Ligand SMILES: [Zn+2]
């Protein structure tokens, strides 16, 4: 697996403008490779620590999408069945340790649903993350995953003005194509289905650049079976 996939990196993303269809003349993958793996993980809960380590041990770079307003806190998320799930978020002072070898990205300061709030609130959510995450890491933050994966054309255009150059959704495509629009970037699949599509990607034989883009939440790996599958993947 390791020989045939490479991880996507920020320098590749920087080459792209958000609405242009990618082509060979826009960029290449390092070392003439044609396949890449994107691992995008949301929310910044403390289970990221183990997942980030797993990626590192396998020479993989992940993208971790953080909610800057929740860093260091424990928060209860009410469920539709009346239950409440409590999540612990990674501490502010440890971002450069936990995500040392990984990309840090925006996920909305308070994880608000962008399709249910006004434009100024959306900008507040994104700009706060950009400001806080930049300040805490001294890194340039250039990408994001939409909270709940929710976006639309006007929201993506609004956010493109903040300096964010790619916005990722959770609308699984089960395909390995590069996106047409990097501000509405749909993944291949959630990690619970990654093993199902792995062989198809390994067997894919074409010269054009392709991409296996997996997304998820590290807190879902409380299920041992799911964690074992991820390790296998
Ligand atoms: Zn989220």
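If you wrap the tightest convex hull around every Cα atom of the stretch 10-220 and split its volume per residue, you get 125 Å³. Averaged over residues, the count of other Cβ atoms within 10 Å places the peptides 175-188, 91-104 in the sequence 175-188, 91-104, highest first. One decimal place: the segment residue 174-residue 121 gains 15.9 nm when fully extended, by the rule 0.36 nm per residue minus the C-alpha distance. Which distance in Å, rounded to a whole number, links the C-alpha centroids of the stretch 45-78 and the stretch 135-183? Value for the Cα centre distance between the two parts: 18 Å. For the peptides 205-212, 49-56, 163-170, 28-35, the ranking by mean Cβ contacts within 10 Å, running from highest to lowest, is 163-170, 49-56, 205-212, 28-35.
Here the simple spin-label model places points 7 Å from the Cα toward Cβ, and for residue 26 and residue 96 these points are separated by 3.3 nm. Helical runs assigned H by DSSP (4 residues or longer) give the chain a calculated mean residue ellipticity at 222 nm of -8000 deg cm²/dmol, each run adding -39500 (n - 2.57) before division by the residue total.
At full extension, residue 157 and residue 181 could sit 7.6 nm farther apart than now, given 0.36 nm per residue minus the alpha carbon distance. Between the alpha-carbon centres of the stretch 195-233 and the stretch 82-103 there is a gap of 22 Å.
If you model the stretch 156-233 as an ellipsoid using its alpha carbon gyration tensor, with each semi-axis the square root of five times an eigenvalue, the axes come out at 25, 19, 8 Å, biggest first.
I want to verify a result. In a Gaussian network model of the chain, Cα cutoff 10 Å, which of these has the top mean-square fluctuation: 105, 145, 116? In the Gaussian network model the winner is 116.
Laboratory data are not the source of any read-out in this text; all were calculated from the coordinates shown. Small disclaimer: the values here were computed from a predicted structure and weren't measured. Counting neighbours? That spans all protein chains shown, and the Cβs are built from the backbone with ideal geometry, glycine included.
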